[in-house]
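Chemist: My structure is below; once you've seen it, I'll send some questions.
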Amino acid sequence: IKTVAVLTSGGDAPGMNAAIRAVVRTANSLGLECYGVREGYNGLIHGDFTKMGPRSVKNIINEGGTILKSARSSEFKTPEGRDKAFENCKKHNIDALVCIGGDGSFTGAKVFNEEYGLPVIGVPGTIDNDIFGTDNTIGYDTALNTAMEAIDKIRDTATSHNRVFFVEVMGRDAGFIALNSGIATGALDILIPEQKDSMEELFGTFRKAEKVGKSSSIVVVAEGEKLGNIYDLAKATKDEFPNFDIRVAVLGHIQRGGSPSCADRVLASKMGYGAVMGLVEGKSKVMVGVKSNRLIYTPIEEAIKKHNEIDKDLLKISEILAM
Ligand code: ADP
């Protein structure tokens with residue numbers, strides 16, 4: 001291969017810039033040309049390609065977001081859209097495509113490869129950590145730390161006023177951010193979609209906490225929690241415990257922003273390098289990942305279909321340490 005293109009697609013995540021930088025500089029070190037495609041698959045369709053060299057990616061390793069911008073492209077889900085995308089790849093002599101994104105973006109890359117044969121490689125960039133084939137995804141560590149710092153602050157005010165706080169964190173259908181930030185902040189309870197929760201259990205935990213003399217409590221709720229939305233949970237709790245002073249905090253998009261943590265910068269650098277090396281070695285339709293500190297490649301359909309298991313030990317530990 002002589003020319004690679006790189007894009008960021010789907011939900012953005014801190015560390016995507018570090019991954020772009022690694023792709024561009026690794027490509028350059030191997031004598032390959034590199035194009036950045038703006039706004040995910042929309043850029044492929046509209047021909048929004050920019051030639052990138054090592055200096056195009058200076059001063060971005062510490063920046064949140066993505067300099068290439070990200071987008072969701074409904075047009076890329078149509079054969080006509082993908083046909084336009086391929087025409088633009090041909091026009092720019094693109095030999096391979098690096099897609100930094102989540103499982104939706106990987107599905108797009110897989111379909112595109114199957115139709116046109118253009119080699120593709122996925123780089124997992126999402127704060128949710130819900131991708132199989134890697135211990136962590138790019139952005140997860142930063143988001144986790146953002147959530148932890150925010151919940152720490154909520155704890156200060158919760159303690160001052162003897163309040164019960166329900167705090168919602170991101171993670172789509174996965175509870176990784178909730179479980180880990182909940183443990184790190186000493187949450188009384190953690191509600192995640194991977195575990196069957198019931199209101200009765202939650203009330204039981206509150207009763208136990210009252211008995212041992214806890215005066216303030218934090219319950220961390222994953223956005224994908226199946227028991228109900230956070231406002232309904234808070235209301236049901238108020239009905240059961242009228243004397244509780246209950247507040248709800250939804251952390252929201254602050255979790256997607258900010259300067260990437262050291263772990264995310266290193267991970268993104270490794271994966272960006274691994275993506276280009278993989279393509280040069282002839283790999284395609286795979287996702288690059290890092291497991292036990294080693295670069296590995298997983299067939300992209302496996303990365304899309306399978307899911308990382310939540311750590312059952314951590315669930316148990318969170319219960320034991322909460323009281
Ligand atoms: P993420 O990559 O964060 O999971 P999305 O699920 O929104 O984000 O997917 C990002 C983009 O990937 C979509 O907007 C679309 O352009 C493309 N995509 C997703 N699924 C398909 C599909 N089945 N066929 C073609 N493109 C797809």
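Chemist: Taking amide H positions as placed in the peptide plane 1.01 Å from N, state which residues far from Glu168 in sequence (5 or more) or on other chains have amide H under 5 Å from it.
Modeler: Under 5 Å from the amide H of Glu168: Val221, Ala249, Val250, Leu251.
Chemist: Oh, and also: So, counting K/R as plus one and D/E as minus one, what does the shell of residues with Cβ under 11 Å around Asp197 add up to? Provide the component values of the computation, followed by the final result.
Modeler: Working: positive: Lys196, Lys226; negative: Asp189, Glu194, Glu200, Glu201, Glu225.
Neighbour charge sum, excluding Asp197 itself: -3.
Chemist: While we're here: Contour minus end-to-end for Val266 and Asp311, with contour as 0.36 nm per residue of separation and end-to-end as the Cα-Cα distance? All intermediate terms of the calculation are to be shown ahead of the outcome.
Modeler: Numbers: separation 45, 0.36 × 45 = 16.20 nm, distance 2.35 nm.
Extra length available between Val266 and Asp311 comes to 13.9 nm.
Chemist: Is region 247-323 best put as rounded, prolate or oblate by its Cα gyration tensor, with a ≥ b ≥ c the root eigenvalues, rounded for a/c under 1.5, and otherwise prolate when a/b is larger than b/c, oblate when not? Provide the component values of the computation, followed by the final result.
Modeler: On the way: a/c = 2.33, a/b = 1.71, b/c = 1.36.
Here region 247-323 falls in the prolate category.
Chemist: Here is a follow-up. Mind listing which trypsin sites (Lys or Arg not before Pro) in region 61-127 are in a DSSP loop and have 11 or fewer other Cβ atoms within 10 Å?
Modeler: Working: sites: Lys69, Arg72, Lys77, Arg82, Lys84, Lys90, Lys91, Lys110; in loops: Lys69, Arg72.
When the trypsin sites (Lys or Arg not before Pro) of region 61-127 are filtered for loop state and at most 11 Cβ neighbours within 10 Å, nothing remains.
Chemist: Which residues' amide hydrogens lie under 5 Å from the amide hydrogen of Ile296, considering only partners 5 or more residues apart or on another chain, with H built in the peptide plane?
Modeler: HN-HN under 5 Å from Ile296: Gly289, Val290, Lys291.
Chemist: Check the straight Cα-Cα distances from Lys270 and name the lysines below 16 Å, setting aside those fewer than 8 residues away within the same chain.
Modeler: Reachable lysines: Lys291.
Chemist: Follow-up. Share of Cα-Cα pairs in region 42-127 beyond 21 Å, in percent? Numbers along the way, then the final one.
Modeler: Details: 1111 of 3655 pairs.
Considering region 42-127, 30 percent of its Cα-Cα pairs are separated by more than 21 Å.
Chemist: For the charge dipole of the chain, defined by +1 on Lys and Arg C-beta atoms and -1 on Asp and Glu C-beta atoms about the Cα centroid, which residue among Gly182, Ala236, Thr205 has the Cα displaced farthest towards the positive pole?
Modeler: Gly182
Chemist: Going by how many other Cβ atoms sit within 10 Å of their own, how do Cys99, Cys262 line up, fewest first?
Modeler: Details: Cys99 30, Cys262 9.
With the fewest neighbours first, Cys99, Cys262 line up as Cys262, Cys99.
Chemist: Lysine pairs, Cα distance under 18 Å, 8 or more residues apart or cross-chain: how many in region 24-96?
Modeler: Working: Lys51/Lys69; Lys51/Lys90; Lys51/Lys91; Lys58/Lys69.
Lysine pair count for region 24-96: 4.
Chemist: Extension gain Thr159-Lys58, at 0.36 nm per residue separation less the Cα-Cα distance, in nm? Write out the running numbers ahead of the final one.
Modeler: Details: separation 101, 0.36 × 101 = 36.36 nm, distance 4.41 nm.
That pair, Thr159 and Lys58, stretches by 32.0 nm at full extension.
Chemist: Okay, moving on. Tell me whether the chain comes out rounded, prolate or oblate; compute the Cα gyration tensor, take square roots of the eigenvalues as a ≥ b ≥ c, and use a/c under 1.5 as the rounded threshold. Intermediate values should be presented prior to the final figure.
Modeler: On the way: a/c = 2.54, a/b = 2.34, b/c = 1.09.
Prolate, since a/c reaches 1.5 and a/b exceeds b/c.
Chemist: Show which lysines lie in cross-link reach of Lys285 when reach means a straight Cα distance below 17 angstrom and same-chain residues fewer than eight apart are skipped.
Modeler: Lys110, Lys305, Lys306
Chemist: So if we plug the beta-carbon distance of Met199 and Val111 into 1/(1 + (r/R0)^6) with R0 = 35 Å, what FRET efficiency do we get, rounded to 0.05?
Modeler: 0.25
Chemist: Can I ask one more? So, in Å, what gap is there between the alpha-carbon centers of region 298-317 and region 176-216?
Modeler: What the calculation gives is 22 Å, centre to centre.
Chemist: A further question on this structure: Span-like helices, the chain: DSSP H, alpha-carbon axial extent 24 Å or more, mean Kyte-Doolittle -0.5 or greater, which ones? Don't jump to the answer; show the numbers that get you there.
Modeler: Details: long enough: 140-161 (31 Å, -0.55); 262-280 (27 Å, 0.88).
Span-like helices, by this rule, are 262-280.
Chemist: Here's another thing I want to ask about it. Given q = 0.13 Å⁻¹, what are the Debye log10 I(q)/I(0) values for region 122-222, with equal point scatterers placed on the Cα positions and solvent ignored?
Modeler: -0.48
Chemist: Quick one: net charge of Thr134's neighbours, Cβ under 14 Å, K/R +1, D/E -1? If you can, show how the numbers build up before the last one.
Modeler: Working: positive: Lys270, Lys291, Arg294, Lys306; negative: Asp103, Asp128, Asp130, Asp135, Asp141, Asp264, Glu302, Glu309.
Around Thr134, the charge tally is -4.
Chemist: Let me ask something else. Rounded to the nearest 500 deg cm²/dmol, what is the calculated helix-only ellipticity per residue at 222 nm for the chain, with -39500 (n - 2.57) per DSSP H run of length n ≥ 4?
Modeler: Working: 11 runs with 138 residues, N = 323.
Result for the chain, helices only: -13500 deg cm²/dmol.
Chemist: While we're here: Calculate how large, on average over all directions, the projected area of the Cα convex hull of region 203-309 is; give the answer in nm² to one decimal.
Modeler: 10.5
Chemist: Residues of region 283-305 with the amide nitrogen closer than 14 Å to a label point 7 Å from the Cα of Ser29, along Cα-to-Cβ, please.
Modeler: The answer is none, because no backbone nitrogen lies closer than 14 Å to the label point.
Chemist: Using Cβ contacts closer than 10 Å as the measure, can you line up Lys305, Lys235 from fewest to most?
Modeler: Numbers: Lys305 11, Lys235 14.
In increasing order of surrounding Cβ atoms, one gets Lys305, Lys235.
Chemist: Could you work out how far apart the two model spin labels at Lys291 and Ile254 are, taking each label as a point 7 Å from the Cα in the direction of the beta carbon, and quote it in nm?
Modeler: My value for the distance between the label points is 3.6 nm.
FYI, it's all coordinate maths here, none of it is from the lab. As the structure is a computational prediction, the values presented were derived from the model and not from experiment. Note that we place each Cβ from the backbone using ideal geometry, even for glycine, and neighbour counts take in every protein chain shown.
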